[in-house]
1. Take the alpha carbon gyration tensor of the range 85-178, find the square roots of its eigenvalues, order them as a ≥ b ≥ c, and report rounded if a/c is under 1.5; if not, report prolate when a/b exceeds b/c, else oblate.
2. What distance in nm lies between label points placed 7 Å from Cα along the C-beta direction at Asn210 and Ser190?
3. Using label points projected 7 Å from each Cα along Cα→Cβ, tell me how many nm separate Asp82 and His198, to one decimal.
4. Just the Kirkwood number for the range 186-311, please: inverse of mean 1/r across all distinct Cα pairs, in Å, one decimal.
5. Give the average over all directions of the projected area of the C-alpha convex hull of the range 229-293, one decimal, in nm².
6. Starting from 0.36 nm per residue, how many nanometres of slack lie between Ala288 and Glu171 once their C-alpha separation is accounted for?
7. According to the Cα gyration tensor, what semi-axes, each the square root of 5 times an eigenvalue, does the equivalent ellipsoid of the chain have, listed from largest to smallest in whole Å?
8. Roughly how many nanometres apart are two label points built 7 Å out from the Cα toward the Cβ at Asn31 and Glu71?
Amino acid sequence: MSHRRIDFILGDSPPARLDKALARDVPEEANLSRTRLGRLIADGAVTLDGVKVQDPRAKVAEGQAVQITVEEAAESHILPEDIPLSVVFEDDDLIVIDKPAGMVVHPGDGTGEDTLVHALLHHCDEKLSTVGAPERPGIVHRLDKDTSGVMVVAKTDPVHYALVKQFAERETGKEYLALVSGIPREKSGSVTLPIGRHPTIRVKMAVVENGKPAHTDWEIIESFGDLASLIRCRIHTGRTHQIRVHLSSLGHPVLGDETYGFKPARSKIPSPPRVLLHAQKLSFTHPANAELMTVEAPAPVDFSDYLELLK
């Protein structure tokens with residue numbers, strides 16, 4: 001039986017109870033349901049500031065350090081695959097790649113042997129961190145299948161822990177480019193609506209009252225008549241589908257994103273090749289040498305070609 005450790009800090013104004021606070025603030029990549037979290041508390045697998053807590057109703061406070069130890073039932077046997085990667089930066093501690101649109105980050109139900117993890121295992125000679133779930137070696141954060149752009153991946157366990165902590169404490173900088181339907185009334189703004197699972201469609205996220213805090217800043221870079229806009233988004237949290245949900249809540253869904261409101265039948269523009277969202281820039285502190293790093297990936301060909309088409 002193997003174990004993984006999840007470390008994070010409780011955010012602003014957490015719910016009064018431990019179980020609810022964990023459900024709100026546990027990192028998305030931990031993939032822990034409310035039910036699983038409840039069992040982990042009861043089993044003594046949760047500590048607050050280094051002290052084991054087994055009462056789900058225990059009071060918590062902002063800034064407390066949480067550690068969850070999770071048993072993994074079995075080791076994964078993912079085989080490396082020789083799939084080309086676009087490497088932005090690499091050293092002995094981590095690797096930054098420019099993920100192409102259409103590539104799934106890690107194996108799961110219905111995926112093949114062509115995920116980013118398969119490619120990373122080959123490229124890195126299987127030298128990736130073992131902190132996460134067995135099918136997610138090295139994976140610190142994720143991008144949706146159709147989202148292109150920069151991702152950082154940990155090669156060692158200490159680097160993995162340090163990067164997860166930076167993401168959890170919102171010490172990273174994340175900028176995206178999005179082509180959206182229509183023209184927002186304002187040139188820039190912020191969306192701070194909470195995000196959680198859609199109440200009836202479990203594969204979707206939605207703005208929900210009891211969701212996790214989410215914060216997206218946005219600004220218009222360029223507009224194309226009254227049809228579409230190129231938007232830069234800076235996200236301060238990392239909720240699943242955050243930008244897609246927040247831009248849809250403004251009435252300006254990402255082009256190609258039929259899950260969150262884009263309607264091709266009503267659109268007066270050519271059919272988008274995919275969900276036109278690109279992770280352009282990522283900033284973080286290198287855990288091994290404390291150097292502030294900013295890594296970038298230019299918009300890929302399908303994105304830039306469609307942009308020229310709009311122009």
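None of the figures in this text is laboratory data; all of them are computed from the coordinates on show. On a predicted model such as this, the values are computed, not experimentally measured, just so you know. Quick reminder, even Gly has a Cβ in these numbers, built from the backbone with ideal geometry, and neighbours come from all protein chains shown.
1. Working: a/c = 1.42, a/b = 1.08, b/c = 1.31.
Rounded.
2. Once both label points are built, they end up 2.7 nm from each other.
3. Result for the modelled spin labels: 4.1 nm.
4. On the way: mean 1/r = 0.0623 Å⁻¹.
Taking every pair of different Cα atoms in the range 186-311, averaging 1/r and inverting gives 16.1 Å.
5. On the way: hull surface 23.0 nm².
Mean projected area for the range 229-293: 5.8 nm², to one decimal.
6. On the way: separation 117, 0.36 × 117 = 42.12 nm, distance 1.59 nm.
Result: 40.5 nm gained on full extension.
7. On the way: eigenvalues 208, 119, 62 Å².
Each semi-axis is the square root of five times an eigenvalue, giving 32, 24, 18 Å.
8. 1.9 nm
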